[in-house]
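Presented below is the structure to which this report refers.
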Amino acid sequence: MTVDALRVVSPGPLSTIQDLGRPGYQRFGVSVSGAADRYALRLGNLLVGNDERGAAIEVTIGGAEFEFTSPAIFAITGADLSPTLNGTSIALWETVSAAAGDRLSLMSPAGPDSGLRAYLSVSGGFDAPPVLGSRSTHIGARLGGIEGRVLEPDDGIPTGPVTNAVRPGRRVPQDLLPQYGGDIVARVVPGPQDDLFDSDATATFYNSAYTVSDKSDRVGSRLEGPQVPAIDGAHDIISDGVLSGAIQIPGDAQPIILLADRQTTGGYAKIGVIASVDLALVAQASPGATVRFERISAEDASALARDRIATLRDISFDGPASGTVQGNDLRREYDLQIDGSGYRVEITSGVDGGQTIARVNGVEYVVHVHPGE
Amino acid sequence: MTAGTHPEPRILICGEDALVVEFGNGIDPVTNDRVYALAAAVEAAGNISVAELIPTYRSLMVHYDLELSSVEEMTGFLNDLITSSEPSTDDQNNSPRRIYELPVAYGGAHGEDLDDVAGHAGMMADEVISIHSGTDYRVYMLGFAPGFPYLGGMDERIATPRLASPRVRVPAGSVGIAETQTGVYPIASPGGWRLIGNTPVSLFDPSADPPVPFLPGSFIRFVPVSSEDAKRVAAQVSDGTYRVQMTEHEG
């Protein structure tokens, strides 16, 4: 039986349940969806001890308040929407302990460069019925999350089982924190329809600053700036596959960067595709922020993405170490992952009241057993 | 058509982990057959680097796992398959057509714009029904919304412009006409197509695998049924006992 762990007091303008999305069904017209800032979602999950694919709540701009209805370890990652717990400010990118009845607020961006979307991750991950392998909410298709819709006041959201307990105060290392806002430079792999733009239009695209429009949403970030006209005005193409980070240039010659809730196919020329490591910054850009584009090769963009995967795989968090072995495990040898480091632990129980010895990575320790803990 | 008349396919780079194989720049059955032939060949090759395929009118998007492969490797892999997967270039495509039959209740409350379409075409409503249901429509691709089929092959005699002002809500299963296209709304959504009928068959069921009753690259035939028959099918659909009829025909 699942018990609700969180109650929505106020969802703000747009709060939804999101994980890493539902790839694999695009040929049937099903959008991938998922967190707009996948890096922040992954870090949030890893912080609270979840698989990086766990479901979190994506809070947009602010205005959101939640009540914990059972004790939980949680973390806020992504945008700084001035999070408070019972009115006291709490840190981002760090695990926090909540008691039943505690109130978490994410009211408004701390500043112009704070980002747009915050992620509330909780140990065990938020639970909702998976649809085609994902809990992500796609509002347009009414799929996933809670009945395919945005969160509403009084929604109760359960969490899954905690498989990897972590302590409060666990932090993402400083050098891995993203810098949102300001002048964003997004690296772009040219293609697949870059040949529909002549050298003047291409030069304009790569040498201009574009402003994020307030018409942006989870489907796409609309930009305003110098026009990027296609040769002979041929902005419309025969509809073909689209993907995350693709930059469409429709008939008004203004770029649209496709984000998580994009459709699976589209009929506008795509001048390039943004490197995934830079797409989170675009997804976090508030209306009024500026974006500049810089060319990168597909090989180099792949290498950046691989580096990021490795960074997240090998991450070791700052703060207190912790680890647990679940259940009545009768093994005497354990391979433990504690905050990113591997430990080989061998337990030798004492005979006739003798000492219990734990050998950790070859070093012996005497184990003191505290009954009842 | 003789060998060598196919345009040379182009492999286009699409970001850090996808390639697009483009077979031409038109909407036609021959080009579309090449797309699905390559998609089938990629699947048959069992390359674990391939993450997802998106076949469309005239191109195939191939997503790959950038931890397992590279632009160069995938380009080579696809180039080899393109050569070996080209469908027959004979006049007759020999692969059988898979035709899925969708029962449709035409007109009245099921299709409020049928009379307008008939008026625009200068014919009786029955004639529109007979023309619309008398063709097998190629499912060129699915896109736009879950399960939405892009169909080709509608008779231009029943072509009708979109509504000047789109409806706020078109019910799921609505069969419509927009210019020279026909289609079915898989889920309720806003829309401006002229509605001529409704099918009780569910075109998108996220609890099924695959979540759609027919695959792109196949064909749809609309079969006129009475309101009563449509109700009966709807009941079977809702209790999970309905199966869409599929027949195979020589190409």
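The values are calculated or read from the model by the stated rules, or taken from the named source; none is laboratory data. The structure displayed is predicted, hence computed values, not measured ones. Note that each Cβ is placed from the backbone with ideal geometry, even for glycine, and that neighbours are counted across all protein chains shown. For accessibility, only protein heavy atoms count, side chains too; no ligands or nucleic acids. Shrake-Rupley method; radii C 1.70, N 1.55, O 1.52, S 1.80 Å.
Points worth noting:
- Test: residue in segment B:190-207 that is free of Cβ contacts under 8 Å to residues at least 12 places away in the same chain and over 28 Å from A:ASP240 (Cβ atoms): yes
- A count restricted to segment B:4-56 and to residues that are at pLDDT below 95 and closer than 21 Å to A:VAL32 by Cα stands at 0.
- Scanning segment B:106-127 for residues that are within 19 Å of the chain's Cα centre (by Cα) and in the same structural domain as B:SER218 (by TED's automatic domain parsing) turns up nothing.
- Per the listing B:VAL201, B:VAL184, the residue uniquely more than 14 Å from every other protein chain (Cβ to nearest Cβ) and open to solvent by less than 30 Å² (accessible area, probe 1.4 Å) is B:VAL201.
- Among the residues making up segment A:61-83, those that are touching an Asp or Glu at 6+ places or on another chain (Cβ under 9 Å), among the hydroxyl-bearing types (Ser, Thr, Tyr) and open to solvent by 10 Å² or more (accessible area, probe 1.4 Å) are A:THR69, A:SER70.
- Selection over segment A:29-48 of residues that are open to solvent by 10 Å² or more (accessible area, probe 1.4 Å), closer than 16 Å to A:GLY125 by Cβ and away from chain B (no Cβ under 14 Å) gives a count of 2.
- Residues of segment B:153-169 include at least one that is within 14 Å of chain A (Cβ to nearest Cβ) and either over 22 Å from B:GLY119 (Cβ atoms) or surrounded by 14 or more Cβ atoms within 10 Å (Cβ to Cβ) (or both).
- Residue count for segment B:27-41 satisfying the condition of being open to solvent by less than 20 Å² (accessible area, probe 1.4 Å) and within 12 Å of chain A (Cβ to nearest Cβ): 4.
- Taken as a whole, the condition of being out of contact with any helix residue (DSSP H, G or I) (no Cβ under 7 Å at 6 or more places or on another chain), outside any strand (DSSP E or B), over 20 Å from A:ARG42 (Cα atoms) and at pLDDT below 95 applies to A:GLY140.
- Scanning segment A:1-28 for residues that are basic (Lys, Arg) and in contact with a Leu (Cβ under 7 Å, 6 or more places away or on another chain), we see that the one that is surrounded by the most Cβ atoms within 10 Å (Cβ to Cβ) is A:ARG27.
- Counting only strands (runs of 3 or more DSSP E) wholly contained in segment B:155-236, the ones carrying 1 or more residues that are at pLDDT below 95 occupy B:167-170, B:174-178, B:181-184, B:189-191.
- Conditions (1) among the polar types (S, T, N, Q); (2) within 14 Å of chain B (Cβ to nearest Cβ); (3) more than 28 Å from A:GLN179 (Cβ to Cβ): number failed by A:GLN227: (2)
- Out of A:ILE247, A:ILE274, A:ILE296, A:ILE309, sole residue that is at pLDDT 95 or above, of a type in the set (A, V, I, L, M, F, W, C), under 23 Å from the mean Cα position of the chain (by Cα) and open to solvent by 10 Å² or more (accessible area, probe 1.4 Å): A:ILE309
- Selection from segment A:276-290 of residues that are in contact with a Leu (Cβ under 8 Å, 6 or more places away or on another chain) and over 19 Å from B:GLU52 (Cβ atoms): A:VAL277, A:VAL282, A:ALA283, A:GLN284, A:ALA285, A:SER286
- Hey, A:LEU43 under 9 Å from the mean Cα position of the chain (by Cα) and not in a loop (DSSP other than H, G, I, E, B) or not: yes
- Matching option when the condition is open to solvent by 40 Å² or more (accessible area, probe 1.4 Å), assigned to a helix (DSSP H, G or I) and in contact (Cβ under 8 Å) with a residue 24 or more places away in the chain, among B:ASN47, B:ASN79: B:ASN79
- Residue pairs meeting the criteria (Cβ under 6 Å; at least 6 apart or on separate chains; first in the same structural domain as A:ILE296 (by TED's automatic domain parsing), in segment A:200-218; second modelled with pLDDT of 95 or more and among the basic types (Lys, Arg)): A:ALA209/A:ARG292; A:SER213/A:ARG222; A:LYS215/A:ARG222; A:SER216/A:ARG222
- Subset tally (residues that are part of a strand (DSSP E or B) and of a type outside the set (Val, Ile, Thr)) for segment A:1-21: 9
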